[in-house]
1. Do you know the relative contact order of chain B, to the nearest whole percent, from alpha carbon pairs under 8 angstrom that are 6+ apart?
2. Take chain B, mark every one of the GluC sites (Glu not before Pro) that falls in a DSSP loop and has at most 16 other Cβ within 10 Å, then report the longest stretch left between them, sites excluded.
3. Using a 1.4 Å probe on the protein chains only, how many percent of the accessible area of the stretch B:319-374 belongs to carbon and sulfur?
4. If you average the sequence gap of Cα pairs under 8 Å that are 6 or more apart and divide by the length of the stretch B:1-159, what percent do you get for the contact order?
5. For the stretch B:27-134, which trypsin sites (Lys or Arg not before Pro) are both in a DSSP coil and crowded by at most 12 other Cβ atoms within 10 Å?
6. Provide the net charge surrounding A:GLU290, with neighbours chosen by a C-beta distance below 11 Å and charges set as Lys +1, Arg +1, Asp -1, Glu -1.
7. What list of ³J(HN,Hα) values in whole Hz, one per residue of the stretch B:53-64 in order, does the Karplus curve 6.51 cos²θ - 1.76 cosθ + 1.60 (θ = phi - 60°) give from phi, with Gly and Pro shown as x?
8. Loop-only trypsin sites (Lys or Arg not before Pro) in the stretch A:1-101, please: DSSP not H, G, I, E or B, and at most 15 other Cβ atoms within 10 Å.
Amino acid sequence: MKRRNFLRIIIFILIFLGINHVLGDLFVGWSRFGSEYGISHREFQKRQEQVTFIALGDSHPQKAVMVSKIEDAYNLSSSAESYIHTYYIMKYYLEEGDFHPQVALVEIDPHGFLSAKLEGLFRRDPAYWEDYVPYLKVENETLGDKVATYLKGEFPLFGGFQVFLTEYWPRVDLAPEPSVLGFVAKDGDISEYSEGERQRDGAARAGSHFENQDYMDAAVVEYFQRLIDLLNEYEVSVVLVWYPTSNYYYESVGEYISVETHLGRVEDLVEESQVEAVLDYHDLFFDHPEYFTDPDHLNIIGASTMTDRLVEDLTSAGLLPVTPSN
Amino acid sequence: MSFTSEKFVIFLLIVLVVYGLAPKKWRWGVLLTASYIFYGLWNLEYIWVLALITLSSYWISRRMARTDDSQQKSQWLILSIALVLLVLGVFKYYDYLILAFENYSQIDLPFPLLQRIAPLGISFFSLQVIAYLVDVYRGKLPPADHLGHYAVFVSFFPQLVAGPITRAQKLLPQIKFLPPVLAEDLQKGFQRLLLGLLQKFVIADRLANFTTPIFDDFSSYSRLVLLVNLYVYAVQIYADFAGYSNIAIGIAKLFGVDLAENFRQPYLALDVAKFWNRWHISLSNWLRDYIFYPTMRFLRKKYKSTRAWWMLWVPPLVTMLVSGIWHGTGPQFILWGLLHGSMLALSAATSQWRKDVTERLGKAGWIFQVVQWLLTFNFIVFSWAIFRIPGLHSSILYLRDIAGGTKASTMVHEQAVWGTVIILVVFSLFEILLTFNVFWQKLEKAPLVVRWGAYYLLIFIIMFLGNFEGSQPFIYEQF
């Protein structure tokens, strides 16, 4: 082949990469504009300077910590988030943002330590999360997965129509879930269902989390510890929280892992770190199905009640000041 | 290793670079090695089948050409074809025939079942080899004089899995004089590749999201959904197979090799005979040359008649019966073949009459042509139900449900409907562009900016609209 033609091919590829970069950024900005975490993160970026209290984790804290009851607080959790996401989000804001929190709630629910969380990192909207997560540097993962995810992040238009159909299109019809400072309020309660239906749903939900999963996945555990160390490094008081779920869910969780020993395992992980308190609320509402929107998520009444209890415990531990709002 | 996998992209780039660097006399060696690696990565345990058919047909074709004794020649031909058909039959039909016999007769046969999936591409390379053997027998083609070149002809990886079935007359000379990597070939190959990827990922795989759940559980859906689903499937199967063919032709062109064309807007055909001249052309031509004409010649010779009604009906019925059996096992494929065979005969029987009526209608002749097109298109669409749904009983139930036999009322999710509508619009625009060939010719002569702009547009359409997560295997790979 002539040198001129070879040069043409190189120029063609470079122009393609340039167009891809511009269109990709536009698409990510547009398609995530109205998404749950898109809205939450944008709002957080505006407020980060004032935020001194932060709730971190996945959909459990997102629907449980009603941060409007706490001064200068923000709930930065998002559904299906893993410790790997959370670690890199915190690293980004602590190192590059104007963010100086004093207290951080870190979720320690058992499903957060499963291998599925690692898989989620590579499946879930890599283009959005690449602002935070340097995929090629994620440790304990195969090079193939890292490269594939990196490429998905770099070429967000790849399969973008699916994102349009599944994320943008439904929003035309459905109003977004009400969210205040990152807290997502859910209505509905499972007490409307029969005992048998609640048990069936609880078992199904636990199965969807735990079946064929490795508990205490090495990579997930490593990033959990890194998160705690990072917060310690920036002198943020760490509070570990095991959020409430219904007894229907936990009856089934017991079939997969030992619920009794979970707390002990987590305490071992943070043995050498600075943790201010461990709050175990997992059985707090076992007798209150009316506080749950589904087997493992609180509804708005459950969230309000739980947050009152949280504020009380944090205040008595000296982690929140005694103020009229608290 | 499918054409649509990331592994294949890496494989293709490596082969292209090695081919480009290889000395002229070893280019065939690069393609042969690449083809066997390609087959081995997909189906290592059956690589011997490919090698056996290649070696035996090469050796027999040379023996056949060396003898002047016509009886001996015929014996060699029968032996070689029998060998190819035996391998094909054992892997593709043996288990089905044993089970069908046992079920029908309630007698347990003492033969064990193979329970193996047929070697990939066997239906395609078997036909290619049979055509070569028959042509050598007929003296239309000299036998291959280089085992390496012949082995590339049988196993050339772009066409190995699902065609196009390219004749030796066209392919062997090209393999003998393989060109270097040329910019012009790269450009043309790239264009075809893009078209194929668009048809596969954007049209076929997206429509599969709509059709697959409906075919899997059709008794739950309303009449309207079942009816629309058939039309959507007609577009899906066309885009899937035409997409495959374009990808195969495009990949071969990157190496400077021209494969046979396989499609020419088949759904615009005015009768079933014309449809088969536009759909899977390489198979249709094969069936015409090696089944239809020989059957016709045999009947003419035996019964000395050209006007008997069965001269009109028997050759197309036999041809399409073979086509049905080639496509798959089971009575539905026989029925599908016979239906198409009957329509082929009907097309031939009414051909002159239709021409006369169109001429007599003068300016209004187009209305009659639209009627013919509607009848043909709907026949093709409805016959896909028999082709697609496993089991004859289920296909009949599906058609009965459309005719009013269902009380189910499930409609399809609105999201799927809009997704499908968007893809059908893309498909229609795409077909219109293909129909006006002048568009592509103009594009080739257009300034670089316009040409590259069109390529970028096509690439980003594929990237954005493609269904990569839920991509399905090519439909014709299973044959």
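The values are calculated or read from the model by the stated rules, or taken from the named source; none is laboratory data. Only a predicted model underlies this, so the values are computations on that prediction, with no experimental measurement involved. For neighbour counting, all protein chains shown are included, and Cβ atoms are generated from backbone atoms with ideal geometry for every residue, glycine included. All accessible areas refer to the heavy atoms of the entire protein, side chains included, with ligands and DNA or RNA removed. Shrake-Rupley method; radii C 1.70, N 1.55, O 1.52, S 1.80 Å.
1. Numbers: 569 pairs, mean separation 85.0, N = 479.
RCO, chain B: 18 percent.
2. Of all site-free stretches, the longest is B:1-260.
3. 72 percent
4. Working: 128 pairs, mean separation 53.6, N = 159.
Taking the mean separation of contacting Cα pairs over the length of the stretch B:1-159, I get 34 percent.
5. Values: sites: B:ARG27, B:ARG62, B:ARG63, B:ARG66, B:LYS73, B:LYS92, B:ARG116; in loops: B:ARG116.
For trypsin sites (Lys or Arg not before Pro) across the stretch B:27-134 that sit outside H, G, I, E and B with at most 12 neighbouring Cβ atoms in 10 Å, the list reads B:ARG116.
6. Details: positive: none; negative: A:ASP189, A:GLU192, A:ASP287.
Combined, the nearby Lys, Arg, Asp and Glu give -3.
7. Those phi angles translate into 5, 4, 5, 5, 5, 5, 5, 5, 4, 6, 4, 4 Hz.
8. Loop-located and lightly packed - A:LYS2.
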